[in-house]
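The values are calculated or read from the model by the stated rules, or taken from the named source; none is laboratory data. Quick caveat, the model's predicted, so the values are computed rather than measured. Because the Cβ atoms are built from the backbone with ideal geometry, glycine has one as well, and the counts that use them run over all protein chains shown.
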Amino acid sequence: MQMLRGRLLTAGFTLLALTACGGGDGTTGPGGGGGSNTMAAQIDGQSWTADGTTAAASAVVGVPGGYVILGTQVLSSSDARSISISLYNIGGPGTYALGVLPMVFGGIATIGEASGAWLTPLDGTAGTITITALSATRIAGTFSFTAAPGAGTAGGPRTVTAGHFDLPLKGTATPVPDQAGSRVAATLGGTPYNASTVAVTMSGSSGLQFSTVGGDSSLTVTLTGVTAPGTYPLSTGPSLVAVVVSGKPGASQPVWGATATDVGSITVTSLTATRAKGTFSVTLAPEPGKGSSTLVVSNGQFDVGIQ
């Protein structure tokens with residue numbers, strides 16, 4: 001699982017860098033017509049409003065459902081404060097997570113100024129953006145997030161609240177195919193979990209398996225031989241149907257699941273060649289030597305694109 005975590009983060013950062021490059025001068029098409037050209041928020045309780053000439057939104061060519069929203073407030077002749085939000089797999093209005101990599105529905109947000117930069121951590125729970133309007137010429141919505149200081153930036157995190165925007169949209173959006181974007185969420189022992197990375201490692205006639213990472217935890221769902229919707233009780237052996245959760249990596253990393261004493265089930269509500277959807281609610285026993293108490297996993301939901 002630790003190796004998977006590293007591969008996912010490396011792949012995600014590479015794609016994220018490509019997305020950022022596309023967001024600069026990679027847009028195409030005429031400028032958008034709608035929108036009131038406003039972008040504002042509270043940063044650590046202080047009002048921030050983007051100067052009208054700097055607030056902008058662009059579709060990112062070649063990135064399915066890719067958008068960049070940017071605004072800058074000039075503070076002095078030598079300093080300015082900017083908020084930038086990069087999104088991917090956005091097919092229409094809805095609420096999306098901030099602090100996720102490009103295989104997930106959502107995006108990242110940054111704050112930049114002369115003293116440094118702050119970035120939403122890749123934990124899946126750094127914040128949200130709600131798109132309330134999206135057309136060929138306009139994008140509008142609200143946002144809030146917490147951003148951690150980047151390398152070389154002094155001070156603690158920045159908290160952005162009451163964010164809102166209504167902007168003309170430049171460029172031509174790339175449609176989101178059915179296999180693009182994923183979301184996996186649950187409550188792990190009372191703590192919300194939202195995956196920032198998702199990788200499908202088995203699909204087709206062999207069944208379905210996907211592995212995810214969110215913050216210090218990882219969660220894997222295995223449905224060996226499952227090729228149709230239905231409710232499947234947890235099982236071990238050749239017909240493995242399991243949820244496995246790992247805690248913070250380290251010498252004493254806890255791991256739960258894939259044991260004969262696990263209880264619960266996984267319900268697949270939809271399964272096609274390009275997407276799997278469903279829910280799960282399970283109680284997992286620790287693997288031998290990997291913990292001393294059970295873990296209740298509730299409110300599990302998955303909507304996973306299959307590439």
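General observations
- Of residues in region 68-96 being of a type outside the set (Val, Ile, Thr), in contact (Cβ under 8 Å) with a residue 40 or more places away in the chain and within 26 Å of Gly152 (Cα to Cα), the one surrounded by the most Cβ atoms within 10 Å (Cβ to Cβ): Leu87
- Residue under evaluation Gly278, criteria (1) buried (at least 19 other Cβ atoms within 10 Å of the Cβ); (2) in contact with a Lys or Arg (Cβ under 9 Å, 6 or more places away or on another chain), criterion not met: (2)
- The single condition among (1) on the phi < 0 side of the Ramachandran plot; (2) part of a loop (DSSP other than H, G, I, E, B) that Pro192 does not meet is (2).
- For the condition in the same structural domain as Val63 (by TED's automatic domain parsing) and buried (at least 19 other Cβ atoms within 10 Å of the Cβ), Ala151 does not qualify.
- In this entry, Ile139 passes the filter for residues that are in a strand (DSSP E or B) and more than 30 Å from Phe210 (Cα to Cα).
- Considering region 221-284, the qualifying strands (runs of 3 or more DSSP E), each wholly inside and each with 2 or more residues that are closer than 22 Å to Asp178 by Cα and assigned by TED's automatic domain parsing to the domain that holds Val198, run over 263-271, 275-284.
- Flag for Gly291 being part of a strand (DSSP E or B), under 22 Å from Val213 (Cβ atoms) and not polar (S, T, N, Q): no
- Selection over region 142-189 of residues that are of a type in the set (Gly, Ala, Ser), part of a loop (DSSP other than H, G, I, E, B) and over 17 Å from the mean Cα position of the chain (by Cα) gives a count of 9.
- Any hit, region 255-273, residues being among the hydrophobic types (A, V, I, L, M, F, W, C) and under 15 Å from Ala185 (Cβ atoms): yes
- Region 135-174 - residue that is among the β-branched types (Val, Ile, Thr) and in contact with a Leu (Cβ under 7 Å, 6 or more places away or on another chain) and, of those, farthest from Ala50 (Cα to Cα): Thr137
- Strands (runs of 3 or more DSSP E) contained entirely in region 19-122, each with at least 1 residues that are of a type in the set (Lys, Arg) and either farther than 30 Å from Val200 by Cβ or modelled with pLDDT of 95 or more (or both): 79-88
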